[in-house]
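Here the structure is laid out as structure tokens; the discussion comes afterwards.
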Amino acid sequence: MLALGGCAGPLSVLDPAGPHAASVATLWWVMLGGAVLLAGLVFALLAVAMVRRHRDDRVADRTWIVGLGLAMPSVVLLALLGYALFVGGRILPTPAPDTVTIGVEARRYAWAFRDPAGRVSENVLHIPAGRPVDLVITATDVIHSFWVPRLAGKMDAIPGHPNRLRIVAARPGLYRGECAEYCGTGHRDHGFTVIAHDAAGWTARERGAR
């Protein structure tokens, strides 16, 4: 239980608060399972090799090199790759009638968020809970990386090249975000807060912008 304590917290990818983050967390667990499987198979083969080293009925070189050295890890790695591509396709932005689009601009060392009404907030991102939010992410100086671990994966903020990332908060609340790309001496403090509003709170915010 003590070891599992590190799996929770505001920056834990294993404590998802939305469907996209849940897909990333599931991918992490699948990758861990694949790594454990490969390690177990390698250790088993080493044990077999040590047991058979003093016997005359050695396994043919072709079996070790082709069957166990190439085919076995290839099957596992290809399966993991296929699953990763499947998950990546599921979390891509797709057309949805209730999508909210917000502009994100990174700079050293702050974040500016522009909502659909044109209002700009610094270091605080306001989103509606339970609805897809598409973030159009860019930067003004160097490469940064937008990351809210409990809501989605990472997305680079590149000067002159907008990238789009979809996030969904399953429930209202506060979520911590960080710059995941070292961008200079102030990188340690290059974080931000995401506020996911309930339906009434988001409606009131939209009315206040009119």
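The values are calculated or read from the model by the stated rules, or taken from the named source; none is laboratory data. Predicted, not measured: the structure shown is a model, and the values here were computed from it. Virtual Cβ from ideal backbone geometry, glycine too; neighbours counted across all protein chains shown. Accessible surface is based on the protein model in full, side chains and every heavy atom, while ligands, DNA and RNA are left aside. Shrake-Rupley method; radii C 1.70, N 1.55, O 1.52, S 1.80 Å.
Observations on the structure shown:
- Within segment 163-177, being in a strand (DSSP E or B), touching a helix residue (DSSP H, G or I) at 6+ places or on another chain (Cβ under 9 Å) and not hydrophobic (A, V, I, L, M, F, W, C) holds for one residue alone: 166.
- Residue 126, sole failed condition from (1) touching a helix residue (DSSP H, G or I) at 6+ places or on another chain (Cβ under 9 Å); (2) modelled with pLDDT under 95: (2)
- Within the option set 167, 195, being of a type in the set (A, V, I, L, M), open to solvent by less than 50 Å² (accessible area, probe 1.4 Å) and more than 17 Å from the chain's Cα centre (by Cα) holds for one residue only, 195.
- Strands (runs of 3 or more DSSP E) within segment 89-162 that include 2 or more residues open to solvent by 20 Å² or more (accessible area, probe 1.4 Å) and among the charged types (D, E, K, R): 100-107
- Here 116, 73 are screened, and the one residue that is over 17 Å from the mean Cα position of the chain (by Cα) and assigned by TED's automatic domain parsing to the domain that holds residue 43 is 73.
- Scanning segment 170-192 for residues that are open to solvent by less than 60 Å² (accessible area, probe 1.4 Å) and closer than 28 Å to residue 94 by Cβ returns 173, 175, 177, 178, 179, 180, 192.
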